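> Just passing along the structure, written as structure tokens.
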Amino acid sequence: MNYLLQGCHMKETQTRITHEANQNAGAGYMLRRIGTFLRPLAFAVPMALFAAGSPAAENISVNYASVVRTLDPLAVGGADESAYGAPYVLVNDTLQQNRLQLLGVPYMRINLKYSTPGNPNSRIVCGAAGCDSRWSGDDWVNHIKAIGAEPVVEDPTNPSDLPNLVKHFNVDTNNVVHRWLGGINEPNIHGQNAATYSAAFNVTYDAMKKVDQTILIGGPTIAWYDSGYLQTFLNVSGSRVDFLDFHGYAQGSTQHSYGVLFGKAQAYETDILDLYKRIQATVPSRASAISIEVGEWDLDYIGHLLQYTPFETAWGASAMGHILKAGGIGMLYADKGNLLLKTGAEVPNGKMDDPTSMYHALGMYTGEGLFPRFGTKLVQSTTSLPNVEVYASDNPKNIVVINKDPSLYQAASIALNGVDAGTAVVWRRDQSSSSSANPVNLGSVNIVNGTFSYSLPPFSVTTFVIEPSSTSATKP
């Protein structure tokens, strides 16, 4: 996808490809054609399976007595503001603004710089190569805030200008930006080793904090999860950094199989948990204050046939779920051209700013203004169904169920610890959904004796909004 390559040097793309090749050396991956989505289903089952007589054996359980973690308010649905798509961008594209506001994007990164680097009296503009520089930095920040999102600002080309940018926003104009990134972007493919980056980060961090002690500053924004690089950064900068940021894309030059790609979605969880352990071991006194974000994530960094397909919705929902489960914050790359069509030519009969499959992957958590957002507390959920993932929340009670199988229905029987009776309102995206189509409301299912059943189509994401009419004392 050209939009993913804008602002990236060919060296960066080649380095990503080399890294990917090294990861996958010796492994064979089968390219599955898009026609798979249309192949006959192995068998058909009714849309809803209502218990009559003996209930089906429970194969999904949700335990409202077991809170896994309280989620960061920024965790679900963050996106990079690419500043691409001129002449219609976030600042002046009201449809784009409305779409992102409906999605409930809570967190957006924006690359800003002085038009004359090193001169704080020059105009502040967007910094990505090819971005729409007609608008001021304040325009970008104001419109991010206007859709209800919190901005995080970076100046990866000229990090030494960051203290003056903090002064502009937080002191001179009182247009406060609370979160910042403190170094160059993806230093591990732009010539900075961990020791060099960390030393520079410390200098920049200290200068920024002198301007405003209340801000949060993150790094090292590496291009993929590199435990050695992150460990060195923690050793050198762990006494300072407020949040850790790494990037991760599932594929690039090589089209992977479904199984490999879902494995890469799960790797976000594995990597975040590993990094939390490293934080605890390296700076235990600060561990509770340091959060982790996947500062760029997506299915592709180049673009493949699976983009804008039902698979992408299932994959994106899986990736978001794994990030949440590990206690991370997700920042998808990017808004225009990924969450929303950049021109409309990307899909048949598409229009600029149409929502995409990835938009709806996040929307199955955020609700898209159609149903309540995923709750503030992640609760314990398990399943014995093959190729099925479950993520459940409290406050409010939502359950997101993903069927990762490309051809088989799954019959789900869901047991709720803490809810005896009520209804489960059903919202779904599946293989019948076009790229831009909203989740479909399929009505509601009665919850009887703490259980209900439902059928899960192939490559589907189903959100159950639980509306209790009777609760019970939860069992440990």
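Values in this text are rule-based calculations from the coordinates and carry no lab data. Model, not experiment: these values are computed from the prediction. Because the Cβ atoms are built from the backbone with ideal geometry, glycine has one as well, and the counts that use them run over all protein chains shown.
> Looking at Phe371, Asn387, Gly350, which one has the Cα that reaches farthest to the positive end of the dipole of region 341-390 (charges on Cβ: Lys, Arg +1; Asp, Glu -1)?
Toward the positive end, the furthest listed residue is Phe371.
> Between beta-carbons, use under 9 Å as the cut-off and find the net charge around Gly344, counting Lys and Arg +1, Asp and Glu -1.
Neighbourhood net charge equals -1.
> What is the diffusion coefficient of the chain in µm²/s, taking the Kirkwood radius over Cα pairs and the Stokes-Einstein relation at 4 °C with a viscosity of 1.567 mPa s?
Value of D from the Cα-based Kirkwood radius: 56 µm²/s.
> Per-residue HN-Hα couplings for region 373-379, Karplus 6.51 cos²θ - 1.76 cosθ + 1.60 at θ = phi - 60°, whole Hz, x for Gly and Pro?
5, 3, x, 7, 10, 7, 10
> Which percent, to the nearest 5, of DSSP beta bridges fully inside region 72-366 are antiparallel?
The antiparallel fraction comes to roughly 10 percent.
> Hey, another quick one. So which lysines pass the test for Lys277, namely a Cα distance under 16 Å, with those fewer than 8 places away in the same chain ruled out?
Of all the lysines, those that pass the test against Lys277 - Cα under 16 Å, at least 8 places apart if same chain - are Lys325.
> Got a sec? How would Tyr225, Tyr84 order by Cβ neighbour count within 10 Å, fewest to most?
Tyr225, Tyr84
> With +1 assigned to the C-beta of every Lys and Arg and -1 to the C-beta of every Asp and Glu, and no other charges, what is the dipole magnitude of region 349-476 about the Cα centre in debye, to the nearest 20? The partial results should precede the final answer.
Numbers: 8 positive and 9 negative charges, 29 e Å.
Here the size comes out at about 140 debye.
> Among Gln101, Leu90, Leu112, whose Cα projects farthest towards the positive end of the dipole of region 71-128, with charges put on the beta-carbon of Lys, Arg (+1) and Asp, Glu (-1)?
Leu112
> How long is the gain from Asn235 to Arg286 if the chain were fully straight, where each residue apart is worth 0.36 nm and the alpha carbon distance is subtracted?
17.1 nm
> Which ³J(HN,Hα) values, rounded to whole Hz and listed in residue order, are derived for region 340-346 from phi using the Karplus coefficients 6.51, -1.76 and 1.60 in 6.51 cos²θ - 1.76 cosθ + 1.60 with θ = phi - 60°, glycine and proline given as x?
Working through the residues one at a time gives 10, 4, 6, 10, x, 6, 5 Hz.
> Still on this structure, I have one more. Going down the table (Lys336/Lys377; Lys342/Lys397; Lys113/Lys336), which pairs top 32 Å between alpha carbons? Show your work: numbers first, answer last.
Numbers: Lys336/Lys377 30 Å; Lys342/Lys397 34 Å; Lys113/Lys336 20 Å.
Checking Cα-Cα distances, Lys342/Lys397 exceed 32 Å.
> Scanning the chain for helices, which whole DSSP H stretches are 24 Å or more long along the axis (Cα) and average -0.5 or more by Kyte-Doolittle?
Span-like helices here: 194-211, 258-282, 310-326.
> Students often get this wrong: which residues of region 400-442 have the backbone nitrogen under 17 Å from the point 7 angstrom along Cα-to-C-beta of Ser470?
Inside the label zone: 415-424.
> I've got another one for you. Could you give the dipole magnitude of region 72-366 about its Cα centre, charging the beta-carbon of Lys and Arg +1 and that of Asp and Glu -1, in debye to the nearest 20? Kindly include the intermediate steps, with their values, before the conclusion.
Details: 19 positive and 30 negative charges, 77 e Å.
I would put it at about 360 debye.
> Moving to a separate point now. Assuming R0 = 22 Å, what is the FRET efficiency of Thr214 and Ser136, from their Cβ-Cβ distance, to the nearest 0.05?
The computed FRET efficiency comes out at 0.40.
> In terms of modelled amide H atoms, which long-range or inter-chain residues lie less than 5 Å from the amide H of Asp420?
Those qualifying (amide H under 5 Å, at least 5 residues apart or on another chain) are Ser470, Thr471, Ser472.
> Now, a different point. What distance in nm separates the simple spin-label points at Asn119 and Asn446, each placed 7 Å from Cα in the Cβ direction?
The two pseudo-label positions are separated by 7.4 nm.
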